[in-house]
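The values are calculated or read from the model by the stated rules, or taken from the named source; none is laboratory data. What you see is a predicted model; the values in this text were computed from it and never measured. Here Cβ is always computed from backbone atoms with ideal geometry, including for glycine, and neighbour counts include all displayed protein chains.
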Amino acid sequence: MAVSSDGSVADPLARPVAKRTAHHVLHEQPVKRRKSGGTVLVTESREVTIDEDQDTSAGHDTLIAQDVQVFDEDEDDRFFGGGLTTEQADALDYLDANDKEDYGPAVSLDLSGLRKLAARFEKAITKNQKMRARYADEPTRFLESEVDLDQEIKNLNVLSEYPELLKDFVGMGCLESLISLFGHENSDIACSAIQVLDEITDEDTNASEEQVTALTAALKSTSAVESLVQTLARLDEAELVEREAVFKSMSILENIINMDNTFKEFMFDQTKLQDWLLQRISRPDEVGFPMSDNRQYAAELLSIITQDSVANTDLLIQADSIDRVLLLLAPYRKKDPDKGSTEEEFFENLFDILDTLVTRREGKDRFIEGEGVELMQRLLLDARASETRLRALKTLEYACGSWDGGAVCQNMVEVGLLRSLFSVFMKKDDTDVLKTCLGIFVSFFRTLNDGEAERIRVINKFVENKFAKTSRLLNLRKVHKDKHDRFVENMRDSGQSLAGYSEGEIQFTRYLDRLDNGLDILQLIDTLLAWLAASDTSIVTFMQSSGKFDFASVRTVLQELIDSLRKDASDSTEEATAEPHEISDAEQEREMLQAIMEAVPKT
């Protein structure tokens, strides 16, 4: 064991960094930077150096003594599951002796070139592992093998330009060897390996389905995700290279999801990724510095992994994530994040996460317990934060939506949110804002029971001030009915050809187009008008006397919506993956609409 002049012991497994020596080498790496408009590659330089005087404990020497046997050149076992056998090493030595050309990243690469590249990579792993084991107490003795290995790893970056060779690369066992380097004692080596995997899994490589299938199968069998998550936990973001490797690790995870969406649930169920992401978004940035890319990306990845995954959403709810997200959103009560900033992306991702979580029944309960309704109310009250207000409004719609939203609706009325909601409804003409308000009002009638004080307070809002809010509703109906009718007329006049499609497909396509051109908000308005007609006869009398209410038209819109829900319920029943409560929701909604439509006069 090497002992320095001051009596300290040199850790044989310590990362060789800090003081420059005569053995340093300069590397260039393409660094992936996420921007709202895409990904930009920037080349940054770094140095792999060694600190010959580094003081550490002797703890790792015991590990080496117990788990590592020093292999001589004539031993034929693969070292730690990577590298070459003696026969393979001898064959490569023969090639080296007869081919003096220095093999680096090639201008073009074929299968023969890949084999040579792979052989040199495996040989570099073997040499480095043997040198580390043999000279565990003398880091300078294995430094050269470390530098060589780092360069051979970087040479693999050329694979991203030749996706047709990925299956062969996997078949040679090189992917497994590359992933094994995530756990290398020198974090620079681990970071280089992460960079290569990020490059070859990027969707911009345009790999064929066959290549992607081979790659994803290998990623599963080699425990790539588990290894990557373990590596994330040990990387130190105070170091530039490791900070970039954290970003690239998250990029790899996103790339894997893009290749195979089934990895989503595995990532949460079989690894500690969920814990790491929650901790990372909660870790504050340094005072005076902008939002870090890694913190923002952690929030984005968390949003991606929970979207369209009930299992992951439920796991995240159980991890008290709603409380964390609410705490992170609280500072935005007084101002919006800067436009186009990393912080704005972080802010948007936090709301995306929250919106997903509160769609679940347990999420709604946790939202109430964490005083989420009260926070959204505060966010709505500050006129200086317009984007925040809009997102808060949308979150409330998700939270009180579905047939499980009764407790949230009741809580919203109890804390006095009606005044804020109707103020927005009466003053804003933005279609998205209006649809959100209407969606919340419909949820009130759907889930608050007849005779409850909260329901009565909602009805009274449409009666007070000489039916001002009901009048606003009727005016909005005329505007959006006219818009929808003009679109239908133009669609009919255009004679758009849909040859080759069945009648059912044509009708469905046109229905979707109509939804995008006024029908969606018209359906919400007419559903709310039907609820009001079923709840208070004085409102019906006002509608009849206003001269603005076309009862037959409302019934037509509602009947089409009922027919659409009937089809949705039927389709859901045929889906093997459909959840029982989702099917029940569609059926309940259809039955509810059928019942309240009876309250709408026929003429």
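Key figures for this structure:
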read-out	value
Which numbered condition Ser145 fails, given (1) at pLDDT 95 or above; (2) of a type in the set (Gly, Ala, Ser); (3) under 22 Å from Ile257 (Cβ atoms)	(3)
Index of the failed condition, Ala136 passing every other in (1) of a type in the set (A, V, I, L, M); (2) closer than 25 Å to Thr271 by Cβ; (3) not in a helix (DSSP H, G or I)	(2)
Residues within the range 345-374 that are assigned to a loop (DSSP other than H, G, I, E, B) and buried (at least 20 other Cβ atoms within 10 Å of the Cβ), tallied	1
Whichever residue in the range 218-239 is hydrophobic (A, V, I, L, M, F, W, C), touching a residue at least 24 places away in the same chain (Cβ under 8 Å) and more than 14 Å from Met250 (Cα to Cα) and, among such residues, is surrounded by the most Cβ atoms within 10 Å (Cβ to Cβ)	Leu219
Of all residues making up the range 260-280, the number that are assigned to a helix (DSSP H, G or I), over 13 Å from the mean Cα position of the chain (by Cα) and touching a residue at least 40 places away in the same chain (Cβ under 8 Å)	4
Considering residues of the range 557-582 that are outside any helix (DSSP H, G or I) and more than 22 Å from Gly504 (Cα to Cα) only, the residue modelled with the highest pLDDT	Glu579
Selection within the range 543-556 - surrounded by fewer than 20 Cβ atoms within 10 Å (Cβ to Cβ) and assigned to a helix (DSSP H, G or I)	Gln544, Ser545, Ser546, Phe551, Ala552, Ser553, Arg555, Thr556
Among the candidates Leu418, Leu396, Leu390, Leu379, residue that is among the aliphatic types (A, V, I, L, M) and either outside the structural domain of Asp352 (by TED's automatic domain parsing) or not in a helix (DSSP H, G or I) (or both)	Leu418
Complete set of residues in the range 451-488 that are within 29 Å of Arg514 (Cβ to Cβ) and without any contact (Cβ under 8 Å) to a residue 40 or more places away in the chain	Val479, Asp482, Lys483, His484, Asp485, Arg486, Phe487, Val488
Every residue from the range 203-233 that is in a helix (DSSP H, G or I), of a type outside the set (Gly, Ala, Ser) and more than 18 Å from Met267 (Cα to Cα)	Glu203, Asp204, Thr205, Glu209, Glu210, Gln211, Val212, Thr213
Unmet criterion (only one of (1) under 21 Å from Asp430 (Cβ atoms); (2) surrounded by fewer than 18 Cβ atoms within 10 Å (Cβ to Cβ)) for Thr388	(2)
Flag for Glu164 being in contact with a Ser or Thr (Cβ under 8 Å, 6 or more places away or on another chain), assigned to a helix (DSSP H, G or I) and surrounded by fewer than 23 Cβ atoms within 10 Å (Cβ to Cβ)	yes
Any chance Asp585 is in contact with a Phe, Trp or Tyr (Cβ under 8 Å, 6 or more places away or on another chain), modelled with pLDDT under 90, assigned to a helix (DSSP H, G or I) and buried (at least 16 other Cβ atoms within 10 Å of the Cβ)	yes
